[in-house]
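Have a look at the structure that comes next, please.
The values are calculated or read from the model by the stated rules, or taken from the named source; none is laboratory data. Source: prediction; values computed, not measured. Please note: Cβ atoms are built from the backbone with ideal geometry, for glycine as well, and neighbour counts cover all protein chains shown.
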Amino acid sequence: MKKIMIITLLISCFADMTAQEIVSRVNLEVKQNQMAAEIPKILIDAFSRGDIDAYYPKKTNVPVSYSQFLYHFGMTERAFRALMQTSPGWECENAKPVPVDGHVLKCMQYEFEIVEQMQRNNVTYEQERKLKYIRLVFSSNCTLDGVDVEGPVFKIADIADLTDQRYGVTNVQNPAVKYSILELLRLKLYSAN
């Protein structure tokens, strides 16, 4: 009996260590995702202001600088300006955030991915989905080869810290109500594939 319990415990521990990620794609051109369509713009705005960190899409624990992000998506002049504002000796310069080019921003507003991880609830011991991060997607409509390009990753823990009202998502039915991005995701006020 002890051997069976130990084997069961080891299997459950191994299952928890190899927790799978579930990737859902949110199409922002669909009418029921009108509120979610604001998320990429809000995240990039917060990133440009330094209010949130972004990470590389393939190495989600390595932060990417805003100037590297701009350079990767072909905005070399803007990347240089953003880099110069972060360098010492530029404190006399008015440090306004360097905006993302309108075309690039539009190309990131077609869809994004929500990555969740299956975890065991410590109270009920049942498997449940836990939000892990949002990955922006540079649409295939904007690339020469017609392939989607993965954009920056924003961790849910960092998104939870965006409490400023400017980062709220406006309710389409009642414009007086604003949700935080985290509330919108937790309430599942979007449709995903």
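Just name the residue that is modelled with the highest pLDDT out of those in the stretch 94-115 that are charged (D, E, K, R) and surrounded by fewer than 19 Cβ atoms within 10 Å (Cβ to Cβ). Working first, answer last.
To start, the set of residues in the stretch 94-115 that are charged (D, E, K, R) comprises 96, 101, 106, 111, 113.
Subsequent filtering for residues that are surrounded by fewer than 19 Cβ atoms within 10 Å (Cβ to Cβ) retains 96, 101, 106.
Details: 96: 65, 101: 71, 106: 84.
For the stretch 94-115, the residue satisfying everything is 106.
Considering only the stretch 19-70, how many residues are part of a loop (DSSP other than H, G, I, E, B) and either more than 12 Å from the chain's Cα centre (by Cα) or of a type in the set (Phe, Trp, Tyr) (or both)?
Residues that pass the stated criteria total 15.
State the number of residues belonging to the stretch 121-144 that are surrounded by fewer than 16 Cβ atoms within 10 Å (Cβ to Cβ) and under 16 Å from residue 72 (Cα atoms).
Residues flagged as surrounded by fewer than 16 Cβ atoms within 10 Å (Cβ to Cβ) and under 16 Å from residue 72 (Cα atoms) within the stretch 121-144 amount to 3.
Taking the stretch 148-193 only, how many residues are closer than 19 Å to residue 26 by Cα, of a type in the set (Asp, Glu) and modelled with pLDDT of 90 or more?
Summing the residues that are closer than 19 Å to residue 26 by Cα, of a type in the set (Asp, Glu) and modelled with pLDDT of 90 or more in the stretch 148-193 gives 1.
List, please: which pairs have Cβ atoms under 6 Å, are six or more places apart or on different chains, and start with a residue in the stretch 54-83 that is over 15 Å from residue 149 (Cα atoms) and end with one that is in a loop (DSSP other than H, G, I, E, B) and at pLDDT below 80?
Final answer for the pair search is 75/101; 78/98; 81/98; 82/98.
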